[in-house]
Each structure stands twice: as C-alpha cells, then as structure tokens.
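Let me begin by presenting the structure, written as structure tokens, before commenting on it.
The values are calculated or read from the model by the stated rules, or taken from the named source; none is laboratory data. Everything numeric in this text was worked out from a predicted model, so none of it was measured. Because the Cβ atoms are built from the backbone with ideal geometry, glycine has one as well, and the counts that use them run over all protein chains shown. Ligands, DNA and RNA are excluded from the accessible area calculation, which covers all protein heavy atoms including side chains. Shrake-Rupley method; radii C 1.70, N 1.55, O 1.52, S 1.80 Å.
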Amino acid sequence: MKEIVNKPSITDDAKTNMLRAAIEHRATWFFLLLDQIKKKGLDPEEIARKAIYECGLFHGADKLDRCEDVNDLRKFLDVFADENTRKVFEMEIKENTEDRLYIDFHYCPLVAAWKKLGISDEELPMLCDIAMDGDRGICSKMGYDFSLGKVIAKGEGICEIRIDRGDGK
C-alpha cells in the first residue's frame, strides 16, 4: 500500500478548523462504535453500512427538498457541498454540468481522525468506504449514480467523487 498523505493546505481559517474538528469527532465515535460492535461478536461492517446508507437516504430527502432542479447537477452542487464543506475537504470541482458533478477531495478529516487513533493503513480503506455509504444514500435518494475513483485512504492522494445523473432522471 502507498503511504497515506492527508495534509490540509487550508490551516488558518477558524471556521474550517472548527468544522474539521467536528467531523474528526464524528469519525472517532464512528470507529469506537464499530469496535464495540466487533467486540460483541457482530459484523460491524454490515451494521455500519446499513445505518450509514440509511442516514444518507435521510439527508438525501432533505437535499431533494432543497435542490432547485434535481435534473441539473449544477443545482445539486450547492446543496451537496456548500462553501464551508468545500473548504473543509479542500474540494476541487473538476466538472459540473447538467449531467455530471465530479469533485476531487484533497483532504479528509475522517482519515485524519482515524490516523490519530492509530488505526492501521490496511483498515482505513474499509472505514472510508463505509463512510461513503452516506454519499451513496444521498445520491440514490436523488436518483443519481455515485462512484469513487482514487481515495485518500488507499494512499492515492485524493478522493475522486463522481456523480452522474441517473437514467431515471
């Protein structure tokens, strides 16, 4: 596995740092909850995936209500990733058309939290992919197709989030 590089370039913005700390806190309790599930002899991945996907569906319903035009991914961008969220994850909008929203994340506070907890690099990709089930749920609720390319948790330097307008829209 490649070395995981996850260093923020935005470090002097108080609001961004506060939001990152909140996301790191969420990632910490997420992992500790999974660890307790595992200690009870249950499958933490199965349980977490279902719960986080359901959370994504819940948040997707809100985004569906707030999106000006669900048939246009240019309109979805603002409800999916507002300016603050873009700074937190150091998002680079690669493409934003009616049919496509392609974003590269250059920093991940969840990975940062998991690294602080001492979680092995081998465990990180699964945790990351489970966390992405929230985005999968959001996109499913919106009728969009969601895919991942490279991911920070695999040592690939960025997370490539790809959202395409689904066939049903």
- For segment 12-31, state whether one or more residues are open to solvent by 70 Å² or more (accessible area, probe 1.4 Å), free of Cβ contacts under 8 Å to residues at least 12 places away in the same chain and under 21 Å from K115 (Cα atoms). yes
- Task: Answer yes if at least one residue in segment 59-69 is touching a residue at least 60 places away in the same chain (Cβ under 8 Å) and in contact with a Leu (Cβ under 9 Å, 6 or more places away or on another chain), and no otherwise.
- Result: no
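Does C128 satisfy being within 26 Å of P8 (Cα to Cα), in contact (Cβ under 8 Å) with a residue 12 or more places away in the chain and either open to solvent by less than 70 Å² (accessible area, probe 1.4 Å) or of a type in the set (S, T, Y) (or both)?
So C128 passes the test.
Suppose we filter I119, I103, I138 for residues that are of a type outside the set (S, T, Y), open to solvent by less than 20 Å² (accessible area, probe 1.4 Å), touching a residue at least 12 places away in the same chain (Cβ under 8 Å) and in a helix (DSSP H, G or I); which single one remains?
So the residue among I119, I103, I138 that is of a type outside the set (S, T, Y), open to solvent by less than 20 Å² (accessible area, probe 1.4 Å), touching a residue at least 12 places away in the same chain (Cβ under 8 Å) and in a helix (DSSP H, G or I) is I138.
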- Which of the following residues is of a type in the set (D, E, K, R), within 25 Å of P125 (Cβ to Cβ) and open to solvent by 60 Å² or more (accessible area, probe 1.4 Å): K75, K38? K38
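Checking the condition under 15 Å from Y144 (Cβ atoms) and not hydrophobic (A, V, I, L, M, F, W, C), which residue from T16, T97, T28, T11 passes?
T97
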- Item | Total residues in segment 66-77, condition out of contact with any helix residue (DSSP H, G or I) (no Cβ under 9 Å at 6 or more places or on another chain) and of a type in the set (D, E, K, R) | 3
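This table checks each residue for (1) among the polar types (S, T, N, Q); (2) over 30 Å from D69 (Cβ atoms).
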site	(1), (2)
F89	no, no
K94	no, no
Y102	no, no
L124	no, yes
I138	no, no
S147	yes, no
- Item | In segment 115-131, the residues that are within 15 Å of E24 (Cα to Cα), within 14 Å of the chain's Cα centre (by Cα) and not small (G, A, S) | L124, L127, C128
- Task: Could you grab me the full set of residues in segment 50-89 that are out of contact with any Phe, Trp or Tyr (no Cβ under 8 Å at 6 or more places or on another chain), more than 20 Å from F30 (Cβ to Cβ) and among the basic types (K, R)?
- Result: R66, R74, K75, R86, K87
